[in-house]
1. For the chain, what is the mean residue ellipticity at 222 nm derived from helices alone (per DSSP H run of n ≥ 4: -39500 (n - 2.57); sum divided by total residues; nearest 500 deg cm²/dmol)?
2. Using only alpha-carbon positions, what ratio does the radius of gyration of the chain give when scaled by 2.2 N^0.38 Å?
3. Quick check: net charge around P8, other residues with Cβ under 12 Å of its Cβ, Lys/Arg +1 and Asp/Glu -1?
4. Report the net charge of residues surrounding K71, where surrounding means a beta-carbon distance below 13 angstrom and charges are Lys +1, Arg +1, Asp -1, Glu -1.
5. Counting only C-alpha contacts under 8 Å and six or more residues apart, can you give the relative contact order of the chain as a whole percent?
6. Can you list the chymotrypsin sites (Phe, Trp or Tyr not before Pro) in region 29-86 that are in a DSSP coil and have 14 or fewer other beta carbons within 10 angstrom?
7. Want the number for T84 to F22: 0.36 nm per residue separation, take away the alpha-carbon distance, what's left?
8. Multiplying the sequence separation of A72 and E53 by 0.36 nm and subtracting their Cα-Cα distance, what value in nm do you get?
Amino acid sequence: MGRIVSIPIVYKNNEYYLLAKFSEVSGSTELRVTIMNGDLENLLYGNHIFKYEGGRLISNTPAKGYAAELKAEVMRALEEFLSTTA
């Protein structure tokens, strides 16, 4: 089982928390994100899986509008966390 961490994010001037589950998949680290807010979790739906390879956070799913804004904030928070723990 991978590790699970809680990471704070700020979206639209409000603080929320996300849970990130880290797992090793095919030689890279996969992160699955859950936001601890039902409305934001629904907004992120389909854009919650990221890979961490070669020191870079990668997402292959495009998002639009508010979902893209939220996803960008999630990626920023994950990158900040990874930069302090890597």
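Bear in mind these aren't lab numbers, they're just calculated from the coordinates by the rules spelled out. Because the structure is predicted, anything quoted here is derived from the model rather than measured. Don't worry about glycine lacking a Cβ; one is built from the backbone with ideal geometry, like all the others, and counts go over all protein chains shown.
1. Mean residue ellipticity at 222 nm (helix-derived): -10500 deg cm²/dmol.
2. That works out to 1.02 for the chain.
3. -2
4. Neighbourhood net charge equals -2.
5. It comes to 22 percent, rounded to a whole number.
6. Passing sites in region 29-86 are Y45.
7. 20.8 nm
8. Between A72 and E53, full extension yields an extra 5.1 nm.
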